[in-house]
Each structure stands twice: as structure tokens, then as C-alpha cells.
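A short reminder: the numbers here are calculations on the coordinates, not readings from a lab. For clarity, every value in this text was computed on a predicted model and none was experimentally measured. All Cβ positions, even for glycine, are placed from backbone atoms using ideal geometry, and neighbour counts span all protein chains on display.
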Protein chains: 4
Amino acid sequence: MIIHLKKETGLEKANQIATENQAFLIEEENKFVLISSSSQKTLDSKYNDFVLEKFVFPNDMQLSSKEYMSKTREIQWGNVKIGGDTNNTVMIAGPCSIESEEQIQESSALLKELNLTMLRAGCFKPRTSPYSFQGLGLDGLKLLAKMRKEHGLAIITEVRDATHIQEVIEYSDIIQIGAKAMYDQGILRACAKTQKPVMIKRGFGSTLQETVQCAEFVLSGGNPNVAICERGIRTYETKTRFTLDLCGVAYLKEYTNLPIILDPSHAMGHAYGIADLTRACTAMGVDGLIIEVHPDPTVAKSDASQQLTHQQFKDLLTSVHPVAKAVGRVIV
Amino acid sequence: MIIHLKKETGLEKANQIATENQAFLIEEENKFVLISSSSQKTLDSKYNDFVLEKFVFPNDMQLSSKEYMSKTREIQWGNVKIGGDTNNTVMIAGPCSIESEEQIQESSALLKELNLTMLRAGCFKPRTSPYSFQGLGLDGLKLLAKMRKEHGLAIITEVRDATHIQEVIEYSDIIQIGAKAMYDQGILRACAKTQKPVMIKRGFGSTLQETVQCAEFVLSGGNPNVAICERGIRTYETKTRFTLDLCGVAYLKEYTNLPIILDPSHAMGHAYGIADLTRACTAMGVDGLIIEVHPDPTVAKSDASQQLTHQQFKDLLTSVHPVAKAVGRVIV
Amino acid sequence: MIIHLKKETGLEKANQIATENQAFLIEEENKFVLISSSSQKTLDSKYNDFVLEKFVFPNDMQLSSKEYMSKTREIQWGNVKIGGDTNNTVMIAGPCSIESEEQIQESSALLKELNLTMLRAGCFKPRTSPYSFQGLGLDGLKLLAKMRKEHGLAIITEVRDATHIQEVIEYSDIIQIGAKAMYDQGILRACAKTQKPVMIKRGFGSTLQETVQCAEFVLSGGNPNVAICERGIRTYETKTRFTLDLCGVAYLKEYTNLPIILDPSHAMGHAYGIADLTRACTAMGVDGLIIEVHPDPTVAKSDASQQLTHQQFKDLLTSVHPVAKAVGRVIV
Amino acid sequence: MIIHLKKETGLEKANQIATENQAFLIEEENKFVLISSSSQKTLDSKYNDFVLEKFVFPNDMQLSSKEYMSKTREIQWGNVKIGGDTNNTVMIAGPCSIESEEQIQESSALLKELNLTMLRAGCFKPRTSPYSFQGLGLDGLKLLAKMRKEHGLAIITEVRDATHIQEVIEYSDIIQIGAKAMYDQGILRACAKTQKPVMIKRGFGSTLQETVQCAEFVLSGGNPNVAICERGIRTYETKTRFTLDLCGVAYLKEYTNLPIILDPSHAMGHAYGIADLTRACTAMGVDGLIIEVHPDPTVAKSDASQQLTHQQFKDLLTSVHPVAKAVGRVIV
């Protein structure tokens, strides 16, 4: 249940009502927003005078639901806006992992050449083996910050676990919560306490509802700037790395107000299909795309098979623009 | 292994070589085509003089593979061609089930109005409950044949099991093998003995390789006119009926020469997402789309929730054309 | 809905009521059983005088449900009874495919030595490739019939598609509907017209409810002798061939009256785990087990990796008896 | 690759070799153990004199593999030993969440009455909704410690994310890494630095190999006391909460040296099937079982539907002993 309380309720009283109802409390400019479990359907009538509006829901997708907010939420991502009344589809690109300053300078140059504004690169890699390359860590974050400063790029990078969430919040423009860390409440609760935009990647074994409820952890803690990324789920099919769930995207567009970013690179796991999939994702009318591209994929320290060359990425981008236009959107 | 034998080998000798190698034999205009298990890598050297060309493969995707035939095979589907050098994406539409002559006349009129040529409607419904509507059977086939005669439409309809395969072959223009019947060798072997085009729907629990190997049953029996339809696979996600596997489509496009048809209606299971998904499927650059549309979905006897109204379908079609154009294709 | 009609209703009247309600009709010794869709909750009150008892259900699991028949149905399988008040767990064994008379004589001798009564062996193999061994067909059936005659064994063998269902009904003691043919209505409807016991294998992409509804096709057609076989479902895990769903077995035991047979061989796909799994299956308290065992698995023409040697099977059987005893059951 | 270096190599030299090879180093009583990626197959020949033994592996399951250590590793779990030459199957029981001192005293009393030694109860609940009960946190840990002190019970409790890993290490006897936190390197690396036993629950979307590789994170960091818990994976079947993967357990028993614990409660999600499943798990010959039991499941704050009553649990335990005996094991 969501209750809007009048501003004149006052913070102290609002807090008391929240505590009594085991509810979250968010203070906004003109009202207090109280969020409790969807199983709660009424507020004690003694508080009637404070209530502006009441919303009840069939499940715990509440702040994120279209019923509560009928338009996709507008979020400032670095230099661009997504959601709201914009028709923007932001193209995020960069290598799987930052490996060296030379490499990330090349990636940054590619983005500048193509008038793109958002650089992705992992510093803390959630590898499934302790014997694989684990990322440059804090050194990587500092190199990314340098790219922002030198090239004006916005930075999105992944937090792997709660031990380095403060560093990621500090150094990145958008905080990416990786698929394997989706349920991590240490991360989610820390993200709720900042206003920096957060992109939550759906776990590859996670339902749509669980994914949206992870967004609710951040939203209910006071950070309204949350987007969801679909990056493929695990199925019995093994010819491709994962299975991109565009039916699920249709569901999210219909029922939630969260901007949606699609990651065809991780879903496919092979460079060959990514151009076709990216065009399909664009035609879905989503808010962003995130593509892995590497100066030389053959020597990449992670995800070598799915990273595009710079030339492949340029060709892909050229082919994506008319598709975006055909569905009334603009690649930014 | 596929061996091309010279025409002068003669049918008798070719048959003998085939029998000796437990191989299938297809007679073509200028050669004999011998197909044996991919585990076989050589033919006895005594036959060297008969051999034109030899192809070996890593698995039993042979006649269907891009290695064997580098271009998508061209097939005449009713009044239109798909595959080959065409850029056609055929739009197949119609109700889930044929329920009455009145209903199917309305559907036919819709197609005529929109300059579409291919009507879908099920007569033998593979329902999972014996207590549900099972379809009009042979009476349905006859009504569909009437639509072809009266309106010049090509008919695609589903065979449920081997007991009525001859009727479906006789009455339809394209034989649809349903997802639940994909492995049915009674059907597959009968389809191999006709030259009518066949569309095999991937089973919702079937791998890409198994699906292609079902096509091999038809191809190796002598019918080259086989297409594959992806209609969603079963995953743990339950908000949508199935999960449309576009990563799998990227795989099929890369490795096989089979035309690909996409069925967003069955994948989604809800009318609301089908327009978005159809645009995404179109952007994948596939050879066809198959959409369920009903004069009045609220009274449909099967799949009520996923059938579009005529107006919804018209709007969808209008929006699909620019997407097709953006990827160099034409909706026919 | 199931309605029991008094015997004095008479066949003609009962048929008329069934037709009016789009219901199946089964004549039993003391009553008529009318079965219509579970969405139907009432019968016209004008028939009240004919009605003995009425059962309504939340879904189309009706004749198979524990609500309708609270005890597992008792079925005569060859020389043994399963279900009902027996505590029998029948051990079915034999090779994946019958390959020669010599081979099947060795298998028969093994069963006789171990006092087992039920021989399995496939004649029509539902291979996923047209280039693999497809089985001996009718010749295989005749060899199995010979084993019955010579050794008194009961025969269970698989029907692959509807084209040879009559032969399988004629030659086998128990008709096995394979996992890939589970939905085949040509087969199911033919099985409904005999009284021979039927074992339906759950499709590897099929839900529990769909599987039970396939049993309803046979039951509602008049054959009460149906058992279900769980043989592993397809999941994202690839280290084993399939994933044996014992949670699903717990569900079937709780909600249905169908005897349950477990097939650890196909689930595992590797000989090494089958003994452990068979003991686990036995401890579930099920009605039967079906194990692949071959005189020489290394030369088997199908499923080589999962077939046990005769010695492995003997050791397994020895270890299974005490587990059966521990849960109050007897291996027969 | 694992290399055993002679003790006389000395720590400094061993460290240098490890660094050069990007390897982990563990100092044992009589040797140094060096572990690098399985892609590495040789050590520079200049170090030959230091090498005692070398092991190469086909993948990154190394320290955990049967090839490296042929027997299940023996671990002291509170008052009992599991693995090694023991035939112990430890029965862990208790509520899903600790809710109050009164509740946990009742649970402790049940264990004492039944001569069980290991109490489970969650303090940090990894709920998928922010609006559900999140657990008592540190207060819960302190209550569990009180149960240890008062009743001599060993405590196993779950760590949800890295923010409270030190508290869980301090207060528990066995650290449980929950299914949703399986990949959490903040947790895994902290667990590697203690010698307390760790139980890693397989993620419900995680492969067997990934699960074992998470164990490798702990093992390679120097803590040899790791067990794996299978608690059901997510599949398309929805009648049960998850699908318990006993085929996967057979794989783990064959290829790894990690003790295996089974959790039928979470797999099933319903009280009705848990007794049957627990007997099946016991018959698999595993090292432990973990069952949810609550003084009054109807008022439980989490997992209400799957918790057993005290009486149900007593009946289950009685029935499990003979199954354990039948497979040569003892419930402790």
C-alpha cells in the first residue's frame, strides 16, 4: 500500500505513522510517501485527516508499477535523459572489462567519434572461477573517472558485492548492479541512500517480479532513479549463452514505470548474432542498449567471444538508426 | 556426410551405394544426393569415379546447414516466394481455430482488405485437455479450402498427429507441424513424400539442434521445402506464456539454410505485447510472421487472451512496414 | 465435472445427456460415468432423478484426481499387480532397443535369473536424427512376443507415433507412450479404446498438469489402466542428461490416483549415478522402476552411456531390496 | 593446476613462485599447495627441484575434485563429523527464521528431545520483497548463541550479504551462504580467511560447475572446510516451489570431494511432500539433511507453507532411520 500524506503532517508524525505500519517513508517536496506491504489494504481511520491519496496493489510491485505512475519514470543518465516524454534510446558501449589505460582510451575515442556519451567497462568482475581475471578494481575505477574528465563521457560500471559499493557510488555516474548480485541487499540498501541512477540487471535465474521487487528495495529507500536491464535468462538451450527475454520486456513495459535497457551481448554470447538482436531490441522501443565492444576482442581478458570489433560496432550503429526512427525513437 | 554422385551412376547403382552405406538417396536433375550419418566421414574408394563432391559435418545438421547451402533456401509459399534472393517477410494471419464459416469469412475479408495472401486457422487442435474444444477437423479443412477457392488465399493449417496427415496434405497449401508434434515421425515421414511446403514449429521443450534435425527427416526423404517456426520455449518465467527465443533465431540464421517464421502470439500469450514483439521479430530480418487475429477474441474457443482484434491487427501491420523497410525487407 | 448416473438411466438416455453436455460417457457395471469440462459445475436439474453423485473440480484433472478416487488405482501389469492395496514396486528392466534375438535372449535370461517379470525394449525408436538407428520395428515386436512365450515375461514397449499403435497394442502387455509422443492424440485415443495398461511418460518439456491431462484422454475414453512415468525434465543443467523431478512425484502422489513409475536411466544419462538414484526413487515409495540394462553397453545402438551391465544391475537390485523394505514396499 | 611444493622451498620462495604464476598459495604442515588456473598445464622447469607432485585438470574444479582427493573431505560440524570415513548423515533442523526467544527455545527443546545437535534458523532473511519480514539480524544471532550455550547445540545460520559476514562468522558454528548469495565474492573471500566450516547453497539458477567453483573461492583462499547444499533449482514446473536436482547430486558425488547436504524443504515448498523427499535424499547416501520445522507453521513469518510441525518432524525422523540403515548410513 502506498499512502500520500499531506506535507503539514510533519516529519515527526509521518515517521510515527510509518513505524506503526512497518512502512518506508520518503519525504518529497509536497508530500510524504508511505509504503508498506501490499498485503496491507487500509490505514487506521484516525489518520484520515493526514491522507492525500491511497493506492493498493495486488503484489509488492508498488512504486514501480504503472498503476502508481502511468508514465515511464524520467531519469537523467549522465548527459542524456531517458524515459518520461523523451523518445531517447541511449546506446551504452565499451569493453567487458577495463584492462589498461591504452585500451580504455581507444574505447573512449570510439564513443567520441560516434557521438555517444556513455561508457561501460567492468572493474570488479563477478567471475565464476577464482582462477580467472578478476578485474582492475579501484585502479579501474580511477581510469574510468579519468575518461570522464578527459572526454566528458558518463561512466557506468558494475558493483560485484557490498564490499566496494561506496567506491562504485563515488566513481561512477550510473551504478550497475550485476545479474549475480541482483538480490544483494547490502548493495540495494546502499543504492537507496544515494540519488545516483542505478541499473539493476535481472538475474539469469530470476523472475520478472523478483527483479522489479529488487528495484522496490532502492525506490522505497528513497532513490527514484532506477532502471532495469534484461540480459538474458538461463534456459535449456545451450547453442547461445543465454536467452534474451523480450516477452518479459513486453511485460515490464506494460506493468512497470521503470526504464528498460537491453543487453544483447551477454544474452547471445557470440559476436555473430548481436547486430540482428540489437535491431530487434531497438524495435521493442526500449530506453537503452548496452553493447560490448573491444579494440581487439581476440585478446580480451573476459567475454572474448561476444565483444564486437570497433568496425562491427560502427556498422551496427549505422543500421540501428533507421530502426529506431521506424518506431519513433532516437539513439543518443 | 553428403555425397553428390554423377547422374551417369544410374539409379540402380546409386541405390546400391545408398543401401550399403545406410544412406538416404535423393534423385535431382543433374545428380544423385546421398546422405548418411555425420559420423561417417568417407565413402569406399571403389566408388571414387562416381563422386562429384563430398561434404562432411560435425553433427547431423547436414542438408539444412549453411555449410552445405550458403543461402536461405527459396520456397514458394502459395502466391509468394520466401528465402533465396527475395527480401520477403510473409505475414500470415488468422484465428487460432476455425470455428464457423461466418468467422473464417470475416478473417478472409480482413486479409483481402490488407492485401495479405496467407490464412492460418487450426482444424485439429492439440489441446492439452480432452475436455476442451478439439477443433472442427475435416469440416474445418473443407471450409479453408473454400476460402482458397473464393478468395485466392493460401492456407496453412496444423497437423496434430499422424492419423489425419493425408487430409492436411491434401487440403492445405503449407503443412504446419505443431510444436507438440515436432518429433512425430509418422508426420515427418509423410511430409517427406510430398513436395508441399512444410513449416515445423519448434517444440517448447526442444533444442535448436533437435528442431533442425526434424527438418532433416523431411529433407532427407526428398522434400526440400522446409521452414522452421520459433514460437517460444518454456522457461521458469510465468508472467508470459512462453519465452520467444530470438537468440536462437540468430543461431538458426547463422548456421542453417532454413527460412524462419516467427510466432509472437503463442510466445506472449497476451494481446498487449504482440505489437512490440512483432516489430522486434521483423527487425530480426526473418522470412515470415504468423499472428493470431479473431473477429471477436472475447468469444474465441481457444487462445482467447492472445488473439488480436481486427483493428489491433491493422494498426500492428501499419507499424510493421517501416520497420521492415529499415532492415531492407518487404512485408508480403 | 463427473456425474455418476444410475444404471436404470439406460444407455440411450445416458448417451443423450452426454451429448447435450459435450461429455464423455463410460459404462460401468453399476453406473454410467459422465465426464465434462471442469468449467461445467452443474447439470440441468431435469436430470436430477438419474444422478447418483456429482463431483466438481478446480481443473481438468478429474478422473485421475485423489478427490475422485482416494487410493492409487490398482492395475494388473502382466503377472503382477501395482497400486491399490499392494505395496508392490515393479522392477522393469531390459535394453534401450532390441537389437537382435541373441541380445534379447540374454536380457530375458537375466530377468528370469533375478525373478523379475517385466521386460522393456524399444522397437520404434523416437530418435532425434534421421541418420541414427531407428529400431527393428515390427520384427522387434515379434521377437518380444517370442520372449513372452518362451519365458513368461510381460512386455512393455514404446509407441513412437500413431502409424504403428495397433501393432504395439497387439504385441505388448503394457503400452508405453514415449516422452516425445505424450501429447499424441492419435495414440492416446487409440489407447482409450483398449483395456491394456498404458504407461505415459511425461514429456521433458511438459508440466505435471499436462501429463495428467494426457492420462485423462485415455481414462475419459474408457480405459482405466493408466500409469505415469517420470523420466526427467529438461533444465539448464547440462552435466546430466535430464533432471529427475522427485518434487513432481511428491505432487502426483498427493493429488492423483495414478500409479507412478520412475525412470532414473533416462534422467541421469550416465551409468554412474543410476544406483544411487534408483535407491532414492525406491525410497519415494513409487509403484515401479524402469532401468536400462544391456549385455554389453559399449556396443549398444542407442543410449550406450546410460545402460548398466548385467553385473551392475544385479548389484543395484541387491541394494534396492533393503531400501524398499525400509519404506514398507516389496520389489516384484 | 595444483602443484605441491616441498616444505624446504620456504615461504618466501613459494610466494614468489605463486605470484609469478598468478596462483593461490596455501601452506600446509608438510608442503605448500600452489593453485593456478586449469588452463595452465606446466610450471617453469627451473622450479623442478621444489616440486613434489603436479595435478592438471580439464576445468577449474580443482581442489574440490575427486581426481585431487579421492575421498569426501572430512569436516567437523559442531559436535559431529561428516565426510571422510564416517557414514554420518547429519540432520539439521529448526525454523526458517528466528522470530523470538520463546520460539527458538521450543525448537531447541525439540532437537534435544530427539538427540539432534544442529540448529538452523535465519537471522538475515534474503527476502525478495522489501516489504516482507527481514529477520532479527544481530539480535537473532545473539539468541542463537544463547541456544548454543544453554543447550550445547551447534548453530548454522545464513549470511545474506557481505555487510554482516563478520557477525555471522563470529556467532555461528557453520556459515551458510544462501542460494541468492552464492556468487558473492565479498562473502566467499571472507569465508576463505576463517577455518569455520562453510555450507554453500547452490543458486536456483546456477550450474553444478559454478557452484563447485564458488567452493573453490573458499578452498583456494585456505579454508578446506566447505560443503555444498542442493536446495532445488528453478524450472518451468510451478506446482512445486523448486525442482530438487538429485541427478546433480549424483554428479557431485562422482566428481567432487565436497560433502553434500540436501534441503527438501525449500525444494518442495509444501509440507506434504517433505517426508517422502527426505527419505529419498537419505537413500542417496548424502552427508546431511536440512529441514524446516516450526512450533506453529501457521503463524511463521516466512516460508509458512513448507515448515513441518514438531509432530510431523518426529514422524519423519522415525521413518528416516531405517532408510539410512538400508544404505549403510547413520543419522546424527
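Descriptive notes on the structure:
- Gyration tensor (alpha-carbon) shape descriptor, segment D:111-154, a/c threshold 1.5: prolate
- Of all lysines in the structure, not one has an alpha carbon short of 17 Å from that of residue D:193, not counting any fewer than 8 places away in one chain.
- Amide hydrogen neighbours beyond the local backbone of residue B:175, cut-off 5 Å, H modeled: B:198, B:199
- Distance violations [Cα-Cα > 25 Å] among B:146/B:196; A:46/D:125; D:7/D:46; A:66/B:301: A:46/D:125; A:66/B:301
- Here is how far apart the residue C:195 label points are across copies: 5.2, 7.3, 8.1 nm, shortest first, using a point 7 Å from Cα toward Cβ.
- With its label point put 7 Å out from Cα toward Cβ, residue C:56 sits 2.6, 6.8, 7.1 nm from the same residue's point in the other copies, in order from shortest.
- Extending 7 Å from Cα along the Cβ direction at residue C:314 and again at residue A:101 yields two label points whose distance is 7.4 nm.
- Close amide H pairs (under 5 Å, H built 1.01 Å from N) link residue A:94 with A:120, A:291, A:293, residues at least 5 positions away or on another chain.
- Among beta bridges that DSSP assigns inside the protein assembly as shown, antiparallel share in %, nearest 5: 40
- Taking label points 7 Å from Cα along the Cα-to-Cβ direction, residue A:321 and residue B:41 give a separation of 4.9 nm.
- Using θ = phi - 60° in the Karplus curve 6.51 cos²θ - 1.76 cosθ + 1.60, the 3J(HN,Hα) couplings for segment B:119-129 round to 9, 10, 5, x, 10, 10, 8, x, 5, 8, 10 Hz; x is entered for Gly and Pro.
- Distance to the C-onto-B rotation axis is smallest for one chain C Cβ; residue and value in angstrom are C:205, 1.
- Only one residue of B:181, B:76, B:255 has its Cα farthest out toward the positive end of the dipole of chain B, where Lys and Arg carry +1 and Asp and Glu -1 on Cβ, and that residue is B:255.
- For the segment D:160-168, counting C-beta atoms of other chains within 10 Å of every residue's C-beta and taking the mean gives 5.
- Largest-first principal axis extents of the Cα set of the protein assembly as shown (Å): 82, 77, 70
- DSSP bridge orientation in chain C - percent antiparallel, rounded to nearest 5: 40
- Highest to lowest packing among A:299-305, D:273-279, scored as the average C-beta count within 10 Å: D:273-279, A:299-305
- Subset of A:71/A:149; B:41/C:314; D:112/D:201 violating a 28 Å alpha-carbon distance limit: A:71/A:149; B:41/C:314
- Each other residue within a Cβ distance under 13 Å of residue C:269 adds +1 if Lys or Arg and -1 if Asp or Glu, for a net charge of -1.
- Residue-averaged beta-carbon neighbours from other chains (10 angstrom radius) around D:183-192: 6
- Averaging 1/r over every pair of different alpha carbons in segment C:2-55 and inverting the result gives a Kirkwood radius of 10.8 Å.
- Coordinate range of the alpha-carbon atoms in segment C:75-331 per principal axis, descending: 42, 41, 39 Å.
- Segment C:2-55: relative contact order in percent, alpha carbon pairs under 8 Å with at least 6 residues between: 50
- If you wrap the Cα atoms of segment B:101-229 in a convex hull and average its projected area over all directions, you get 8.1 nm².
- Segment D:102-142, relative contact order [Cα under 8 Å, separation at least 6], %: 27
- Mean residue ellipticity (222 nm) of chain C, computed from DSSP H runs ≥ 4 via -39,500 (n - 2.57), nearest 500: -9500 deg cm²/dmol
- Average Cα contact separation per residue, chain A, under 8 Å, 6 or more apart, as relative contact order %: 17
- Segment C:178-274: trypsin sites (Lys or Arg not before Pro) in DSSP coil with no more than 13 other Cβ atoms inside 10 Å: C:193
- Nm distances between copies for residue C:170, ranked from closest, using label points 7 Å along Cα→Cβ: 2.5, 8.1, 8.3
- Put simply, the amide H of residue B:99, placed in the peptide plane, has neighbours under 5 Å in B:104, leaving out anything fewer than 5 places away on its chain.
- Each residue of segment C:100-108 is assigned a 3J(HN,Hα), and the resulting list reads 6, 5, 4, 4, 6, 5, 5, 5, 4 Hz, derived from the Karplus form 6.51 cos²θ - 1.76 cosθ + 1.60 (θ = phi - 60°), x at Gly and Pro.
- A cut-off under 10 angstrom between Cβ atoms defines the neighbours of residue A:322, and their net charge, with Lys, Arg +1 and Asp, Glu -1, is +3.
- Other protein chain Cβ atoms within 10 Å, averaged over every residue that makes up A:29-40: 1
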